[in-house]
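Taken together, the values in this text are just the output of simple stated rules run on the coordinates, not laboratory data. These numbers were taken from a predicted model, which means no experiment stands behind them. Neighbour counts run over all protein chains shown; Cβ positions are idealised from the backbone, glycine included.
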Amino acid sequence: MINTPGNLGESDILPGNSDIARIKIMPKRTVRLLSGREYFNNWDDFSIFVNRNAESYELTEHHHDFLEMSYVSEGTGYHHTGDEVMPVSAGDLFVIPIGASHVFRPGSTAKDRQLIVYNCLTSMENATKILELVPGGDELRELLAFNEIMHYRDLDGEAKGWFERLYREYAVERTGRETALYAGMLQLMICILRIHEATVEGAPPPPSSGVDHVLSLLHSQFSRALTVEELAGELGIGERQFQRLFVKHTGLTPIKYLQRIRIQEACRLLRSTHRRIHDISAAVGYTDIAFFNGLFKKITGTTPREYRQSHASMTMSAEGTEDIDS
């Protein structure tokens, strides 16, 4: 077991008698039940809840009567599951079934090193009903059948994108919100199941595994000056062949795909920080602010300043859900 703040050591020596052997000290555990009725506005008709939470030491270990999908977006910390403790960092993805006890703990209490976790909750009844109504939904039932906590790594950032979209839809009341949340949750479930299948022991690598490696590189090193020659070299093929393969799997050229990753990250920084636009431009890989502004407007339809202003009200509305643990 990994010792973390708040945990007792594995063993202590009783004072006053050197003949007394070491004894194992077991911390007292309190496991709380979190009910979906605390989170869902209408258990029968609409039972989806999404939040973005800065983890702390306030919430005790708990289990649920609902399905939870959690994603570590920022920072480092620990995931306590029963008697086990696992270090976590950005990109860790978990599926937590009904009855499984767990809790996230930050690695530091410093404001600039917070452990940020996205959570998507739904009742099992709700998820089952959705899958019954959607053509091909039976393929996703495996996700509902897990009887233990499942852990994955989001190598290409796809799962992160779905959690962010779900959070934005949940945070603000807009036309089509309920439909968008159901559609987004289905997309997230598909994404997770595909990750699961790709990591099952003995499963054959998918045809796109080489491209997946490149996508992971683009998502993790988007601010670096990556070239098509370098990316093609990762697969050991020529540039023209790489370009054709990449477009076949993504619908975009490598350069356009990288631009969208960078602008997506710029959007996140504009929404969630007060950093200057010039600094954000540099942070995502663009030193030419005029080029950045033009590309941003081309992709999003607005300037960076307009985007920040239009999302200011959304950020304020969402702040009320930041401190809700799950």
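Computed over every Cα-Cα pair of region 29-128 and binned at 10 Å starting from 0, the pair-distance distribution P(r) comes out as 16, 48, 30, 6, 0 percent.
Under 5 Å between amide hydrogens, built in the peptide plane, is the criterion, and for H64 it picks out L34, G99, A100 among residues at least 5 positions away or on other chains. Shape class of region 32-201 from the Cα gyration tensor (axes a ≥ b ≥ c, square roots of the eigenvalues): rounded, since a/c falls below 1.5. Taking each of K111/K298; K111/K160; K129/K248; K111/K297 in turn, the alpha-carbon distance tops 25 angstrom for K111/K298; K129/K248; K111/K297. Length gained on full extension, A183 to E234, computed as 0.36 nm times the residue gap minus the Cα-Cα distance: 14.9 nm.
The convex hull drawn around the Cα atoms of region 242-301, when projected onto a plane and averaged over every direction, covers 4.4 nm².
Between the alpha-carbon centres of region 86-111 and region 216-255 there is a gap of 32 Å. Residue-normalised convex hull volume from the C-alpha trace of region 209-316: 106 Å³ per residue. Remark: region 252-262, residue by residue, has Karplus-estimated 3J(HN,Hα) of 10, 6, x, 5, 5, 5, 4, 4, 5, 4, 5 Hz, where x stands for each Gly or Pro and the curve is 6.51 cos²θ - 1.76 cosθ + 1.60 at θ = phi - 60°.
Taking GluC sites (Glu not before Pro) across region 192-293, the ones in a DSSP loop with at most 13 further Cβ atoms lying within 10 angstrom of their Cβ are E201.
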